[in-house]
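S.K.: Quick one: the structure is below, and I'll ask about it shortly.
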Amino acid sequence: MTAKVRVATTSLAGCFGCHMSFLDIDERILPLLERVTLDRSPLTDQKHAGPCAVGLVEGGVCNEDNLHVLREFRAQCQVLVAVGACAINGGLPAQRNHFEVGDLLRRVYTEEPGLTRRVVPDDPELPLLFDKVRPLHELVKVDYFIPGCPPPAEAFWAFLSDLLDGKEPRLPKGAIRYD
Amino acid sequence: MSSFTLDGADVAFTEGQTIIEAARVAGRFIPSLCAHPEFPAHGSCRVCTVLVNGRPMSSCTTKASEGQVVESNTAALNRDRQALVQMLFVEGNHFCPGCEKSGACTLQSLGKELGVTSAGFAHESPTRPVDASHPDILLDFNRCILCELCVRASADVDHKDVFALSGRGLHKHLIVNAESGRLADTGMSLEDKAMTVCPVGVILKKRQGFSTPIGARRDDVQTPRQRLEAGRKP
């Protein structure tokens, strides 16, 4: 029996919708898990990625923690894959890019009606927000992209099957979606 | 009838037809973006560039002639087309999941046709406020690719001259011809030709929204290539 391939997954400024779509491969997850060991992933709750063959990253980069995790994935994963609209172009979180981040925080945390405490959160535990939400390829080298919001389960399946078979991954035409 | 070859297949043409016009009639797909069948060719996006006897020419502006050898589906041309589409994506703010035009957008369908999976370049992220002043029509300038089809439709067909391009280079942008700059202060109406020509999601009819769900829209059902090839004569 050949050794299992280690795969890590994470969500940065994403909604975990891509992970949910990944799980939509349904029972095919069983044969997949015969060939793959999950490293850091919401499914394992492991906090740091070890050396992996493949890293799937959902979501864009909106704060310093996102960047830290992205760099860890890049360092640990031989093949880094940007998964979904947010990882590829910033997606929904990037809609804030046209506003000044300080203004936004003030508006949301001090001016919105119905707030009991009017203060911008500044706990040192909170990661610093960046002025812009950036897609992954603008910050690290990305090897492959699986677009979609979310990408269809078929795209995950086709991509990983090709990769595990040692083939150049290719998304079937119908599996390339931007919405 | 005169003919040329397109990727090895014979394509008949009538005098005066361009290469892309003759190809369309024959049900042969050449990727294109700004070429609209009802308007004279603009030749600005260069997506429809083909090799004519080995030389790159835009197929929407080049007249068909007897015996031409035309190549369209080559790896190098498709790579150039991918890069053109990627540059258009990063120059604007194209967020397909939130766009009413998703699934019926020429730019999006072209990207998918060419197998584009990423923006490739760094995003310009220009700031372009929308114009929601008109009671029936929304303008979302974030998606404009400067094809000028609305400018020409409004001037030449509607005779209203509602749109224009202003600025140069990266600062070039679509504007509304009114002293206020607002669409509400023009004669634009839902019946205008300019309402129907936008290849992307700039000119939208209000209160239409997501009445057709994502996945069931024009190009979701049949891609532009499939639509054209369905009409091909055996």
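The values are calculated or read from the model by the stated rules, or taken from the named source; none is laboratory data. Note that the coordinates shown come from a computational prediction; the quantities given were computed from them, not determined experimentally. All Cβ positions, glycine included, derive from the backbone under ideal geometry; neighbour counts span all protein chains shown.
S.K.: Going by the conditions given, is B:Glu21 of a type outside the set (Ser, Thr, Tyr) and part of a loop (DSSP other than H, G, I, E, B)?
M.R.: So B:Glu21 does not fit the description; no.
S.K.: Return yes or no: is B:Lys172 touching a Pro at 6+ places or on another chain (Cβ under 8 Å) and surrounded by fewer than 15 Cβ atoms within 10 Å (Cβ to Cβ)?
M.R.: So B:Lys172 does not fit the description; no.
S.K.: OK, next. Just one of the numbered conditions (1) within 22 Å of the chain's Cα centre (by Cα); (2) outside any loop (DSSP other than H, G, I, E, B); (3) away from chain B (no Cβ under 14 Å) is not true of A:Glu125; which one?
M.R.: (2)
S.K.: Got a number for residues in region B:54-93 being in a strand (DSSP E or B) and either farther than 21 Å from B:Gly8 by Cα or out of contact with any Cys (no Cβ under 7 Å at 6 or more places or on another chain) (or both)?
M.R.: Qualifying residue count, region B:54-93: 7.
S.K.: Just the residues that are buried (at least 19 other Cβ atoms within 10 Å of the Cβ) and within 14 Å of chain A (Cβ to nearest Cβ), please, taken from region B:126-140.
M.R.: Answer for region B:126-140, where residues must be buried (at least 19 other Cβ atoms within 10 Å of the Cβ) and within 14 Å of chain A (Cβ to nearest Cβ): just B:Asp140.
S.K.: Sticking with this structure for a sec: Any residue that is free of Cβ contacts under 8 Å to residues at least 12 places away in the same chain, assigned by TED's automatic domain parsing to the domain that holds B:Thr196, of a type in the set (S, T, N, Q) and within 30 Å of A:Lys141 (Cα to Cα) - is there at least one of those in region B:101-108?
M.R.: no
S.K.: Inside region A:25-112, counting only helices (runs of 4 or more DSSP H) that do not spill past its ends, which hold 2 or more residues that are hydrophobic (A, V, I, L, M, F, W, C) and within 14 Å of another protein chain (Cβ to nearest Cβ)?
M.R.: It comes to A:85-89.
S.K.: Count, please, the residues in region B:13-22 that happen to be free of Cβ contacts under 8 Å to residues at least 40 places away in the same chain, in contact with a helix residue (DSSP H, G or I) (Cβ under 9 Å, 6 or more places away or on another chain) and either of a type in the set (D, E, K, R) or surrounded by 22 or more Cβ atoms within 10 Å (Cβ to Cβ) (or both).
M.R.: Result for region B:13-22: 0.
S.K.: Within region B:177-234, work out how many residues are free of Cβ contacts under 8 Å to residues at least 24 places away in the same chain and not in a loop (DSSP other than H, G, I, E, B).
M.R.: Within region B:177-234, residues that are free of Cβ contacts under 8 Å to residues at least 24 places away in the same chain and not in a loop (DSSP other than H, G, I, E, B) number 3.
S.K.: Further question: Residues in region B:36-52: is at least one of a type in the set (Phe, Trp, Tyr) and more than 23 Å from A:Pro93 (Cβ to Cβ)?
M.R.: Yes: region B:36-52 contains one or more residues that are of a type in the set (Phe, Trp, Tyr) and more than 23 Å from A:Pro93 (Cβ to Cβ).
S.K.: For B:Arg81, state whether it is charged (D, E, K, R) and within 30 Å of B:Ser154 (Cα to Cα).
M.R.: Answer is yes for this residue.
S.K.: Moving on to the next point. Quick check, is B:Asp156 outside any loop (DSSP other than H, G, I, E, B) and either crowded, with 19+ Cβ neighbours inside 10 Å or away from chain A (no Cβ under 14 Å) (or both)?
M.R.: yes
S.K.: Residue by residue through region B:86-99, note down the ones that are of a type outside the set (A, V, I, L, M) and either more than 14 Å from A:Pro147 (Cα to Cα) or within 7 Å of chain A (Cβ to nearest Cβ) (or both).
M.R.: Result: B:Glu91, B:Gly92, B:Asn93, B:Phe95, B:Cys96, B:Pro97, B:Gly98, B:Cys99.
S.K.: Another question about this same structure. Could you tell me which of the residues B:Ser118, B:Ser44, B:Ser102 is in contact with a Cys (Cβ under 6 Å, 6 or more places away or on another chain), within 14 Å of chain A (Cβ to nearest Cβ), assigned to a loop (DSSP other than H, G, I, E, B) and not charged (D, E, K, R)?
M.R.: Within the list B:Ser118, B:Ser44, B:Ser102, the selection yields B:Ser102.
S.K.: Output the residues belonging to region A:135-154 that are farther than 15 Å from B:Cys96 by Cβ and more than 7 Å from chain B (Cβ to nearest Cβ).
M.R.: Within region A:135-154, A:Leu136, A:Leu139, A:Val140, A:Lys141, A:Val142, A:Asp143, A:Tyr144, A:Ala153, A:Glu154 qualify.
S.K.: So, in region B:38-60, exactly how many residues are out of contact with any helix residue (DSSP H, G or I) (no Cβ under 9 Å at 6 or more places or on another chain) and farther than 19 Å from B:Thr106 by Cα?
M.R.: 3
S.K.: Going by the structure shown, is B:Ser65 over 21 Å from B:Glu148 (Cβ atoms) and either surrounded by fewer than 17 Cβ atoms within 10 Å (Cβ to Cβ) or in contact with a strand residue (DSSP E or B) (Cβ under 7 Å, 6 or more places away or on another chain) (or both)?
M.R.: Against the criterion (over 21 Å from B:Glu148 (Cβ atoms) and either surrounded by fewer than 17 Cβ atoms within 10 Å (Cβ to Cβ) or in contact with a strand residue (DSSP E or B) (Cβ under 7 Å, 6 or more places away or on another chain) (or both)), B:Ser65 qualifies.
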